[in-house]
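*Asks:* Before anything else, here's the structure in question.
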Amino acid sequence: MIQSNFGELKNLVDNIKNLKNISDFSSIMYKISAAFNRDSRREIQNIIENNFHINPIFHIFNNENFQKATYRVLTSEQELLEDKKLINLGLKLSTFILSYVLSDINEYSIPYLKEKLNRGMGSIKYYTKNQGTESTRYDISHILLESLNSKYDHWEKYTGGIFDFNAYIKGFRLSRCLITGMIFSLKHETFLKRIFKDFFKDQKEMDRFNLSFALNNIHQKVKMLDILEESIEDGDDKKCFANFMEAFNDNKNSKFAAQIIKIMTDGFQKKIDSTGIEAMIEKINKAEQTSKDLNKLANDSLQAFSGELQNTNIEWSNKIYLISKKTLGALDSLVKAKDNKWISDVFNYEFYNWANDVHAVINKYDIEDDWEKIENLVKQENSKVEWKSSFYTSTERLFIDDRTEESFSRDILDKVVNVMLGMMNSGGGTVLVGLVENPESIIREDVKKRLVVKKNITFFDINYELNKKNKNLDDLKREIQDKLFGHTMQTTEKFNDLWNIEPIEIKNDDTMVTIYKITVQNSLEYIFNTKKEKEGLWITLTHRADGRTLKVDPREYINKKKPVS
């Protein structure tokens, strides 16, 4: 068991949040290593119980100078060497103590570790937002992983006395593997998606040379955790790292998908000869064995083979398995073929389609959207179709103050509800909330940043305004029901079967927004607007005609039977 100077470690960990520069980061890593090398009666369990192996992650990601360096690298097109060195050291420092106690931590502390890293990434994202250029978690992860390249390692001479440099180097290397694996695993599914997005980016066709190179590139990225494990020289550390990462990456779906992709892309080379036929023949001859390897993986891991599969749309690893089996079946048919050009053409075709089909599965919701659900509703407004820019946001007025804004928000939602009532009285219809009819009239900058234009139609991200008001779809539904009651004095039960609301995802390039589609049914009876005042009860009727919502005299409708639409 490793021994440490517990009191000194506590002071060192607490000081991480105040570190200023590269020398500070380097110095504290040496001091932590030295503290572990000194005799102490304190056992390693004290460190684990006091979260000394976890707290550095929180302190690093909330260190102002670490955040500044990360932001500069994210927003600069230049190679900022000093900033990347600081990021490199900071990240390794975040798991440096963890590297010393890895063999002693239990599985119950791993979710807490994961939460700290996730919150740390959120802190960086929040910092970039406050600086005016908000970065995605993927972009942040990419920059952090890039900065962990060994070319950004920083070394300073230790002048603190007796010191085990070999133990320091061991911790230095293991901490790099740990934080690399943790960042990669935290966004594992996102990384898989981006790998295949990059594969097809701006690409219409691919020759066999580029295909082999691209699939080799996919293989190297997908097996990152294997590469990290292989780089650890100490056998015990290697085993501890493998067990830790297995527990840390608990997304079984993406993990199994990665294993399938790794098996399928094994054997592709960065450089092939003039024909590439030898590498292809080897891959073809191994197709039967590869298929057996996939079968074993499926039987051991995939839920479709264990009887636990609940939702095939979620379990996309099963779909990737079936796609891969189909490709291997096609390759197996080439084993006895003699025409090298034909072999090459078929091989290339099958693997390109395999990559394309995998891309379509894992990036389904980025490639596709819900356009077909609304394409017949965006042509023009009429008595059955109404467009509204938002539920709450006054897009054509500048923000004045919170009180005024709240008043505008109530009026805007009132207008949506009035349209719904008009449709209930006039044969039903659909309200699209988030379709901006006059985008040139928008004057709010925050709204302009949340627009997407598709097929010359502008959409506003309604989820942005819901998040801004700390509301979700259930909150919105309750508010609409309250408004319906306020307008009609009719209870919720009256409207239960008369309307429903669903989110609609609209995508253009890499931008996705959510609008909402409210489907309104025709009421069998007229629903009157009712308002109590001192003078008595005021009754009106909301109606739809010529694409407008109108208040009409209710007297001619009170005893009139409603026509069936």
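Any read-out appearing in this document is the output of simple, stated calculations on the displayed coordinates, not a laboratory observation. Just so it is clear, the structure is predicted and the values come from calculations on it, not from any experiment. Positions of Cβ are backbone-derived with ideal geometry, glycine not excepted, and every protein chain shown enters the neighbour counts.
*Asks:* Would you kindly derive the ³J(HN,Hα) couplings of region 431-446 from the backbone phi angles with the Karplus curve 6.51 cos²θ - 1.76 cosθ + 1.60 (θ = phi - 60°), listing them in order in whole Hz, with x for Gly and Pro?
*Replies:* Karplus values, whole Hz, x for Gly and Pro: 10, 9, 9, x, 8, 9, 6, 10, x, 5, 8, 6, 10, 8, 5, 5.
*Asks:* Could you list which residues have their amide H under 5 Å from that of Asp369, counting only those 5 or more apart in sequence or on another chain, with H placed in the peptide plane?
*Replies:* Under 5 Å from the amide H of Asp369 lies no amide H from a residue far enough along the sequence or on another chain.
*Asks:* Report the normalised scattering of region 371-558 as log10 I(q)/I(0) at q = 0.12, 0.16, 0.19 Å⁻¹, calculated by the Debye formula with identical scatterers on the alpha carbons.
*Replies:* Each listed q maps to, in turn, -0.60, -1.03, -1.38.
*Asks:* Around Thr136, which amide H atoms from residues at least 5 apart in sequence, or from another chain, sit under 5 Å from its own amide H, with H modelled in the peptide plane?
*Replies:* For Thr136, whose amide H was placed from the backbone, there are no distant partners under 5 Å.
*Asks:* Here's something else I'd like to know. Counting other Cβ atoms within 10 Å, keep those with at most 11, restrict to DSSP loop, and tell me which chymotrypsin sites (Phe, Trp or Tyr not before Pro) in region 143-202 are left.
*Replies:* The qualifying sites are Trp155.
*Asks:* State the three equivalent ellipsoid semi-axes of the chain, derived from the C-alpha gyration tensor as the square roots of 5 times its eigenvalues, in descending order and whole Å. Walk me through the numbers on the way to the answer.
*Replies:* On the way: eigenvalues 581, 250, 91 Å².
Three semi-axes, in Å: 54, 35, 21.
*Asks:* Can you give the local net charge around Arg173? Use residues other than it whose beta-carbon is closer than 11 angstrom to its beta-carbon, Lys and Arg +1, Asp and Glu -1.
*Replies:* Values: positive: Lys92, Lys170, Arg176; negative: Asp153, Glu233, Asp234, Asp237.
Here the charged neighbours net out to -1.
*Asks:* So which GluC sites (Glu not before Pro) in region 485-565 pass both tests, a DSSP loop state and at most 14 other Cβ atoms within 10 Å of the Cβ?
*Replies:* Glu525, Glu535
*Asks:* Also: Which net charge results for the neighbourhood of Phe61, defined as the other residues with beta-carbon distances under 9 angstrom from its beta-carbon, given Lys and Arg at +1 and Asp and Glu at -1? Display every interim value, and only then the final one.
*Replies:* Details: positive: Lys116, Arg119; negative: none.
Net charge in that neighbourhood comes out at +2.
*Asks:* Along the positive direction of the dipole of the chain (beta-carbon charges: Lys, Arg +1; Asp, Glu -1; about the Cα centre), which of Tyr392, Val436, Tyr557 reaches farthest?
*Replies:* Selected residue: Tyr557.
*Asks:* Note the angle between two axes, namely the Cα long axis of helix 402-424 and the longest principal axis of the Cα atoms of the chain, as a number of degrees from 0 to 90, rounded to the nearest 10.
*Replies:* 60
*Asks:* Treating only the Cβ atoms of Lys and Arg (+1) and Asp and Glu (-1) as charged, compute the dipole magnitude of the chain about its Cα centre; round to the nearest 20 debye. Don't skip to the end; give the middle numbers.
*Replies:* Values: 83 positive and 85 negative charges, 121 e Å.
Computed charge dipole of the chain: roughly 580 debye.
*Asks:* Say the dipole of region 131-201 comes from +1 at the beta carbon of Lys and Arg and -1 at that of Asp and Glu; which of Ser147, Tyr158, Thr190 then lies farthest toward its positive end?
*Replies:* Thr190
*Asks:* Tally Lys/Arg at +1 and Asp/Glu at -1 over every other residue whose Cβ is under 14 Å from the Cβ of Lys125; what's the total?
*Replies:* With Lys, Arg at +1 and Asp, Glu at -1, the net is +2.
*Asks:* Hey, another quick one. Taking Cα atoms, how many degrees apart are the long axis of helix 165-186 and the longest axis of the chain, rounded to 10 and kept between 0 and 90?
*Replies:* 20
*Asks:* Oh, and also: Could you list the trypsin sites (Lys or Arg not before Pro) in region 346-444 that lie in coil according to DSSP, counting only those with at most 13 other Cβ atoms within 10 Å of their Cβ?
*Replies:* Taking region 346-444 and a limit of 13 other Cβ atoms within 10 Å, the loop trypsin sites (Lys or Arg not before Pro) found are Lys379, Arg397.
*Asks:* If you count the DSSP beta bridges with both ends in the chain, what percent of them are antiparallel, to the nearest 5?
*Replies:* So the antiparallel bridges in the chain amount to around 90 percent.
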